[in-house]
Amino acid sequence: MKITKAVIPAAGLGTRFLPATKAVPKEMLPIVDTPTLQYIIEEAAKSGIEDILIITGRGKRAIEDHFDKSYELETELARAGKHDYIEGLEHISSLANIHYVRQKQALGLGHAILCAKSFVGNAPFAVLLGDDIVHSETPCLKQMIDVYDKYGSSVLGVQEVAREDISKYGIVDAVPVEKNIHRVQGMVEKPNPENAPSNIAVLGRYIITPEIFTLLENTKPGAGGEIQLTDALCALAGMQPVYSSIFDGKRYDVGSKIGFLQATVEYALRREDIGAQFKEYLKTVIGDTKC
């Protein structure tokens, strides 16, 4: 069955970026001049996704406004002859069919995914987490959809991480199937490195079969009273094959300040309009001991 729907959880409070996120959704913080969420939606659209459900919460109306059509702004830009800007705005509003639902309680990622049950129906779907941006020649999600098309089962997007970073992620216990593909036997959420089954971490991209919803409905809350997606995925792996796919590309953890800054600098350096000038500026800053 073709993957045409995606879910993006975006109901978090963004506390690590306060005070900026007091009034601005974390997902709308820009990398250069583009909100982080737009990069993720563009990845989904380039991967063949047609319908996207964004799980939001209170104070997130800016997300809806950004991906809506802005007739007033486009009219003013047309009067000023700024047609390049109009093309950019039209691109944003035509990326995909975007839908919204609110997660009324902060009960974890598993609960957020459960909010998408009516939207998804009885079909496999993609999940893209807002804290992860991947720069790659072939969109990360497209790589995973290709794996799903081959195996017909749930797929977790993973990469190997350094030992000192293992405790930050969900780590898979898996056996090799072919190059970069493993069959998942279990998962451990943020283990100590000495107890981790591997150094292969789940990094914010999933293709999941609809059986996950029944499992989420029966998953008991874990730490902090939250329903963990990891617990439901472990149960799913006991019912049907679940695979992990090591994707190509550079992944940025834009949910952390350092990751956000890394993404900002490197995306700026890749830009044709400002990359060369910005690179020269960085050369002067790096050697300046006053900075």
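The values are calculated or read from the model by the stated rules, or taken from the named source; none is laboratory data. It should be emphasised that the depicted structure is a prediction, and the values quoted were computed from it without experimental measurement. We place every Cβ from the backbone using ideal geometry, glycine too, and count neighbours over all the protein chains shown.
Report, by residue number, each residue of region 112-139 that is among the hydroxyl-bearing types (Ser, Thr, Tyr) and within 21 Å of Leu203 (Cα to Cα).
Filtering region 112-139 down to residues among the hydroxyl-bearing types (Ser, Thr, Tyr) leaves 118, 136, 138.
Residues satisfying the conditions are Ser136, Thr138.
Within region 36-92, being small (Gly, Ala, Ser) and either part of a strand (DSSP E or B) or within 18 Å of Ala10 (Cα to Cα) (or both) holds for Ala44, Ala45, Gly57, Gly59, Ala62.
Is it the case that region 18-33 has a residue that's surrounded by fewer than 18 Cβ atoms within 10 Å (Cβ to Cβ), in contact (Cβ under 8 Å) with a residue 60 or more places away in the chain, of a type outside the set (Phe, Trp, Tyr) and closer than 30 Å to Asn218 by Cβ? No, the conditions are met nowhere in region 18-33. Checked against (1) out of contact with any Pro (no Cβ under 8 Å at 6 or more places or on another chain); (2) in contact (Cβ under 8 Å) with a residue 24 or more places away in the chain; (3) surrounded by fewer than 15 Cβ atoms within 10 Å (Cβ to Cβ), Arg163 passes all but a single condition, namely (1). Total residues in region 172-221 satisfying the condition of being in a loop (DSSP other than H, G, I, E, B) and in contact with a strand residue (DSSP E or B) (Cβ under 8 Å, 6 or more places away or on another chain): the figure is 9.
Within region 181-202, the set of residues being within 22 Å of Pro124 (Cα to Cα) and either of a type in the set (D, E, K, R) or surrounded by fewer than 22 Cβ atoms within 10 Å (Cβ to Cβ) (or both) comprises Ile181, His182, Arg183, Gln185, Gly186.
Of all residues in region 193-217, exactly one satisfies the criterion of being polar (S, T, N, Q) and modelled with pLDDT under 90, namely Asn195. Across region 50-94, the qualifying residues are those that are polar (S, T, N, Q) and free of Cβ contacts under 8 Å to residues at least 12 places away in the same chain, and the one among them that is nearest to Asp33 (Cα to Cα) is Ser94.
Is it true that Val134 is crowded, with 17+ Cβ neighbours inside 10 Å, within 26 Å of Arg251 (Cα to Cα) and touching a Cys at 6+ places or on another chain (Cβ under 6 Å)? When the stated conditions are applied, Val134 passes them.
Only one entry in Gln105, Gln143 is touching a strand residue (DSSP E or B) at 6+ places or on another chain (Cβ under 8 Å) and not in a strand (DSSP E or B), namely Gln143. For region 115-131, the set of residues classified as buried (at least 22 other Cβ atoms within 10 Å of the Cβ), of a type outside the set (Gly, Ala, Ser) and touching a Leu at 6+ places or on another chain (Cβ under 7 Å) consists of Leu128 only. Residues in region 274-291 that are surrounded by 10 or more Cβ atoms within 10 Å (Cβ to Cβ) and outside any helix (DSSP H, G or I): Ile274 only.
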